[in-house]
Amino acid sequence: MATGLTAVELGGPEVIKTGWSTGSLVAADIAGDGRTDLAIINNDRARIELLIQREPGSTATRTRPTGLDRWQPILEDSRFDRRGVPTGSRMYALAAGDLDGDGRLDLAFTGSPNGLTVLHQDKDGVFDRRRIFDISEPAGLRGTVVISDLDADGRSDLAVLTKTELLLYRQTADGELDAPTGFRLSGASFALEVVDVDGDQRLDVTYQVSGSKDSLRIRHGLTGGGFGPEVAYRMGPSRGVVRALPSARGAGIDLVHIQADTGLIERLAFDTPEPGKSILSNGRPRVFAFPTDGKAPASSALGDFDGNGLLDLAVADSRGARIWLVRQEEPGVFAAAEEFPSLAGIRALVAMDRNADGRDELIMASPKERTLAWTRLAEDGTLGLPSVIDTRGKPEAVAAADFDADGHLDLVYASAERSDRRLFLVPGVSGWNETVEIELSGFETDPRALRVVDLDADGRPDLVLFVDHDPTRLLIQNDDGGFEEIEATTGFGRSLMADVDPSAFATGDVDGDGTREMIIAGSGFARALRLDDARNLQVAAQFNPRSGDAEIAAASILGKDGSNARVVALLEPANDRLHVLTPRRGGVWRFLENIDLPSVDLVEAHSVDLDGSGTDDLAIFGSDRFVWMPVGIDDEVLRPVSSWESDLEGVDYQLLGVGDLDADGSPEVVAVDTRDSHVLEVFRPADNGKWTSLLHFTVFEVDAHYEGQRGAVNQPREIVIADLTNDGLDDLVLVVHDRILLYPQSN
């Protein structure tokens with residue numbers, strides 16, 4: 001409760017000796033007696049040290065220090081009793097919370113070799129029940145384990161960062177931790193927090209990514225529970241962990257961090273963006289990452305598999321014999337990925353509503369298993385095991401379209417059998433029991449991919465066939481329903497179609513006439529191609545970025561057909577950016593702006609109305625992730641609102657803490673120079689941008705002649721702010737060298 005006090009008065013410090021290899025300090029009522037206790041990892045002794053507050057006025061058994069270290073206190077003067085919880089392993093991160101619903105706090109920690117361990121506390125305060133969760137490569141950092149009620153059901157859940165995944169363990173009604181929901185991370189992450197970022201009364205998950213200019217990542221909580229895709233927010237690299245402050249706008253949070261380059265302490269707030277230059281300017285990319293090894297590109301497809309009128313995402317792990325399904329539950333709102341067993345070595349996926357019941361089937365081609373197969377979503381929401389479709393040869397690629405205009409979608413697949421390579425059509429009305437061979441000769445190497453496009457604008461679907469180390473092949477459907485190949489290696493076709501990678505191919509309606517052209521990306525530009533009446537390739541439009549040496553890997557036309565706000569997005573993954581062009585008079589497209597692109601190993605990119613808004617968005621398929629870049633959306637941005645640069649001489653801060661140290665109901669910022677001066681300063685970050693220094697002191701002085709153990713370079717190394725004196729006022733706790741220093745608030 002606010003008391004109106006404006007000064008910060010700290011007593012102490014009270015000194016508690018721990019060990020040089022201690023960390024991940026936690027403040028919580030572990031004993032359940034209403035007093036705040038401390039827990040800290042001690043890797044020197046392979047145990048968790050519990051510092052349990054004694055009854056006021058009670059004393060501990062007297063002990064005397066054995067060394068002459070000037071830091072050593074008389075330990076019986078401490079307000080804590082010490083207990084050790086042996087773990088027998090090296091530990092990284094620690095959290096405390098009730099993970100079995102018995103009203104007593106339990107301990108959860110990551111470490112080696114056991115990954116994740118939960119120690120349950122019994123009624124006598126003994127941590128005698130242990131559960132080990134086998135997780136691969138936990139992040140070896142503090143602040144990567146959090147206990148919080150993630151789904152607002154009144155029970156504490158567990159969130160853990162590994163090197164590659166965010167794992168969420170929900171507590172069931174019977175007090176057990178369920179199997180985890182995993183979210184693949186787009187980069188090495190740390191500083192896990194669970195907090196209501198936007199003030200919508202739903203918890204969100206935040207973490208930071210090292211070395212990224214968009215270093216803050218947020219997964220927003222969804223209405224029905226769960227969390228959305230990873231969204232990156234522009235915030236330059238920080239020194240250490242970013243801290244949350246109550247938002248000046250009354251709901252949600254602001255952020256405070258130390259700029260990595262300048263050492264400036266900066267407050268940032270979420271705000272509405274300025275008007276954008278284009279329909280792509282203000283949408284934040286949504287990243288869906290998947291646990292593949294990245295060596296063999298994942299195959300992906302978009303389709304309405306549950307029949308709710310919205311596109312879902314299916315991704316096949318070519319090495320893992322599994323498919324991940326990400327269902328779109330509301331426009332733009334995706335559930336967590338679900339994993340289902342499937343074929344091994346899937347090379348291509350296609351979604352098609354074979355029986356016109358409003359739900360797409362998923363078709364898959366596996367050269368490894370020499371199989372073309374299909375599956376569909378069952379009534380219970382599971383993806384069934386695939387059913388085999390009779391094929392000839394080894395299917396390498398597959399596509400779907402209504403080739404015979406009978407109202408039923410048909411399949412076409414490319415097959416290889418030693419040196420015999422062919423195309424086959426599977427009519428939709430046949431029940432997938434008969435195949436028709438498409439005449440084609442001259443295959444020298446295996447086919448790579450098939451794409452469907454109306455090349456000659458006659459209303460019938462045609463085929464584009466990509467073959468390893470051979471020119472791209474264009475197959476035009478004739479009046480008899482057969483296909484004939486046209487020459488694509490003369491004129492413009494010689495340079496653009498000679499060796500096109502499927503990732504550089506897309507389609508789009510350049511001129512708004514209702515017919516999609518081929519769009520081919522190349523070094524320094526992209527071109528839209530169409531066939532003229534003589535079936536010669538002609539350039540319908542050319543798209544040039546600002547820089548002529550930009551390696552354009554793909555191009556897509558985005559927006560609403562017929563709208564003047566349409567843009568062309570040129571993807572340059574090598575530099576993680578998009579070049580955005582807009583149309584001008586005479587069919588000329590001019591460069592407008594560059595937009596940051598999430599890092600992605602491109603497989604293909606194309607335009608699609610993913611959220612049913614009537615506007616084509618950018619869908620980017622990568623080897624281990626899918627990126628959705630929405631069009632026409634104004635996502636919030638992080639905007640600097642104030643900053644502080646200390647006027648103390650020789651001070652350069654590296655560590656931040658946040659807490660209410662003047663008991664006025666609003667938190668202060670605590671900054672520590674952990675490398676040079678070891679000065680601690682307390683600031684009040686006022687909403688009007690004016691910061692006030694309330695207090696500063698030197699935590700310890702360095703003796704240049706001291707030759708004993710010094711510990712890690714950065715000291716102090718941790719800050720915790722909590723009420724440890726049971727007076728309703730927050731106190732300051734530091735971890736430094738082999739000590740815990742407690743500075744009680746004396747207001």
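The values are calculated or read from the model by the stated rules, or taken from the named source; none is laboratory data. Predicted model, so just to flag it, every value in this text is computed and none were measured. As a convention, Cβ positions derive from the backbone with ideal geometry for all residues, glycine included, and neighbour counts pool all protein chains shown. Note: areas computed on protein heavy atoms with side chains; ligands, DNA, RNA excluded. Shrake-Rupley method; radii C 1.70, N 1.55, O 1.52, S 1.80 Å.
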Enumeration of residues in the stretch 299-324 that are open to solvent by 10 Å² or more (accessible area, probe 1.4 Å) and not in a strand (DSSP E or B): 304, 306, 307, 308, 309, 310, 311, 318, 319, 320, 321
Looking for something under 25 Å from residue 505 (Cβ atoms), open to solvent by less than 40 Å² (accessible area, probe 1.4 Å) and either in contact (Cβ under 8 Å) with a residue 24 or more places away in the chain or of a type outside the set (D, E, K, R) (or both) - is there at least one such residue anywhere in the stretch 379-390? no
Contact list please: Cβ distance under 9 Å, first residue in the stretch 197-219 and closer than 27 Å to residue 261 by Cβ and open to solvent by 50 Å² or more (accessible area, probe 1.4 Å), second residue assigned to a loop (DSSP other than H, G, I, E, B) and among the basic types (Lys, Arg), pairs at least six apart or on different chains. 213/234
Checked against (1) surrounded by 21 or more Cβ atoms within 10 Å (Cβ to Cβ); (2) modelled with pLDDT under 85; (3) closer than 19 Å to residue 604 by Cβ, residue 499 satisfies every condition except (1)
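Looking at 126, 194, which one is surrounded by 15 or more Cβ atoms within 10 Å (Cβ to Cβ) and either closer than 26 Å to residue 597 by Cα or out of contact with any Gly (no Cβ under 8 Å at 6 or more places or on another chain) (or both)? Talk me through it step by step, then tell me what you get.
On the way: 126 fails: surrounded by 15 or more Cβ atoms within 10 Å (Cβ to Cβ).
Just one listed residue meets the conditions, 194.
Could you please find all residues in the stretch 325-349 being open to solvent by 10 Å² or more (accessible area, probe 1.4 Å), farther than 21 Å from residue 411 by Cβ and either free of Cβ contacts under 8 Å to residues at least 40 places away in the same chain or under 22 Å from the mean Cα position of the chain (by Cα) (or both)?
Let us first name the residues in the stretch 325-349 that are open to solvent by 10 Å² or more (accessible area, probe 1.4 Å), namely 327, 329-333, 335-345, 347-349.
Subsequent filtering for residues that are farther than 21 Å from residue 411 by Cβ retains 327, 329-333, 335-341.
Listed by number, the residues that qualify are 327, 329, 330, 331, 332, 333, 335, 336, 337, 338, 339, 340.
Yes/no matrix, rows are residues, columns are (1) more than 30 Å from residue 289 (Cα to Cα); (2) surrounded by fewer than 22 Cβ atoms within 10 Å (Cβ to Cβ); (3) touching a strand residue (DSSP E or B) at 6+ places or on another chain (Cβ under 9 Å); (4) of a type in the set (A, V, I, L, M):
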residue	(1), (2), (3), (4)
86	yes, yes, yes, no
100	yes, yes, yes, no
113	no, yes, yes, no
121	yes, no, yes, no
130	yes, yes, yes, no
134	no, yes, yes, no
141	no, yes, yes, yes
144	no, no, yes, no
159	no, no, yes, yes
Among the residues of the stretch 711-724, count how many are within 19 Å of residue 697 (Cβ to Cβ) and open to solvent by 10 Å² or more (accessible area, probe 1.4 Å). 6
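So, in the stretch 500-534, of the ones that are under 34 Å from the mean Cα position of the chain (by Cα) and among the hydroxyl-bearing types (Ser, Thr, Tyr), which residue ends up farthest from residue 556 (Cα to Cα)? So that I can check it myself, show each step before the final result.
Taking the stretch 500-534 first, the residues under 34 Å from the mean Cα position of the chain (by Cα) are 500-510, 516-528.
Restricting the remaining residues to those that are among the hydroxyl-bearing types (Ser, Thr, Tyr) gives 503, 507, 523.
Values: 503: 12, 507: 7, 523: 16 Å.
Selected residue: 523.
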Which ones in the stretch 165-177 are open to solvent by 40 Å² or more (accessible area, probe 1.4 Å) and within 17 Å of the chain's Cα centre (by Cα)? 165
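Identify the residue in the stretch 585-604 that is under 16 Å from residue 525 (Cβ atoms) and of a type outside the set (S, T, N, Q) and, among all such residues, is most open to solvent (accessible area, probe 1.4 Å).
Just the residues of the stretch 585-604 that are under 16 Å from residue 525 (Cβ atoms), to begin with: 587-592, 594.
From the residues that got through so far, the ones that are of a type outside the set (S, T, N, Q) too are 587-592.
Details: 587: 51, 588: 56, 589: 19, 590: 132, 591: 46, 592: 40 Å².
Going through the qualifying residues, I end up with 590.
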Subset of the stretch 225-245 that is assigned to a loop (DSSP other than H, G, I, E, B) and aliphatic (A, V, I, L, M) - its residue that is least open to solvent (accessible area, probe 1.4 Å): 242
